[in-house]
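*Asks:* So that we are looking at the same thing, I have put the structure below in structure tokens.
The values are calculated or read from the model by the stated rules, or taken from the named source; none is laboratory data. Remember, it's a predicted structure, so these values are computed and weren't measured experimentally. As a convention, Cβ positions derive from the backbone with ideal geometry for all residues, glycine included, and neighbour counts pool all protein chains shown. Surface areas here come from the heavy atoms of the whole protein model, side chains and all, with no ligands, DNA or RNA. Shrake-Rupley method; radii C 1.70, N 1.55, O 1.52, S 1.80 Å.
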Amino acid sequence: STAPPAPPPPPSGALPLRVRIPRIEVDAPIVDLGLTEEGALEVPADVDTVGWYTGRSAPGDGGTSVLAGHVDDWDGPAVFFLLRYLEEGDLVEIERDDGLVATYRVEHVEMVDKDEFPTERVYTSTADTKLRLLTCGGAFDHDAQEYLGNLVVYADHVENRAISSGPEREHGPLG
């Protein structure tokens, strides 16, 4: 028989500060998110901010990290408006407050109906270091004033590196 997967290493205590997704020109601050009284994931108050679900691992630590952002609002596109254009192999970088940048590679992007949201696949922590990016998507219900689906991006950890290491960037540590 095979051995059970190794548990993730203990958390580093590092907090995520910014997310950068070069392919879609995202460079945004990260705020903490919890759960609503109904048990749903909170959403960031600011449409240009990304939220980190503090009930899961910090990006770059072992386990699954979950980040969420708005697709749009009444004024137009928001931070994750172009998330649907990510493709396998695209990179996501997350600057942490311990001087490291956690880099992930997109593995899969899927649109799901809200009624069929893959809660276990998105939120269940794993021994591997994973990232999930979430936003609204699909058809818009004008009567209910909400999207009928969610876009989920699945990404695998590539490396944690010091902000000062790696290629020189034109606009600071995350370019």
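*Asks:* In debye to the nearest 20, how big a dipole does the chain give about its Cα centre with +1 on each Lys and Arg Cβ and -1 on each Asp and Glu Cβ? Walk me through the numbers on the way to the answer.
*Replies:* Details: 13 positive and 33 negative charges, 151 e Å.
The dipole magnitude comes to about 720 debye.
*Asks:* Rolling a 1.4 angstrom probe over the protein heavy atoms, how many square angstrom per residue are accessible across the chain?
*Replies:* Working: 9480 Å² over 175 residues.
It amounts to 54 Å² per residue over the chain.
*Asks:* Could I ask something else about it? Pop the C-beta distance of residue 156 and residue 32 into the FRET formula with R0 = 22 Å and round what comes out to the nearest 0.05. Don't jump to the answer; show the numbers that get you there.
*Replies:* Details: r = 24 Å, r/R0 = 1.08.
Result of the calculation: an efficiency of 0.40.
*Asks:* Short version: what are the Cα gyration tensor semi-axes of segment 51-121, square root of 5 times each eigenvalue, largest first, in whole Å? Working shown, then result.
*Replies:* On the way: eigenvalues 95, 53, 40 Å².
Working through the eigenvalues yields semi-axes of 22, 16, 14 Å.
*Asks:* Leaving ligands, DNA and RNA out of it, report the carbon-plus-sulfur percent of the accessible area of segment 51-175 at a 1.4 Å probe. List each step's numbers first, then the result.
*Replies:* On the way: 2850 of 6130 Å².
That share works out to 46 percent.
*Asks:* Could I ask something else about it? Give the residue from 162, 31, 117 lying farthest towards the positive end of the charge dipole for segment 24-175; charges sit on Cβ (+1 for Lys and Arg, -1 for Asp and Glu) and the dipole is referred to the Cα centre.
*Replies:* Farthest towards the positive pole: 162.
*Asks:* Counting every Cα pair in segment 11-92, what percent are over 16 Å apart?
*Replies:* On the way: 1827 of 3321 pairs.
Across segment 11-92, Cα pairs with separations above 16 Å total 55 percent.
*Asks:* At 20 °C and 1.002 mPa s, what whole-number value in µm²/s does Stokes-Einstein give for the translational diffusion of the chain, with Rh from the Kirkwood sum over Cα pairs?
*Replies:* Value of D from the Cα-based Kirkwood radius: 129 µm²/s.
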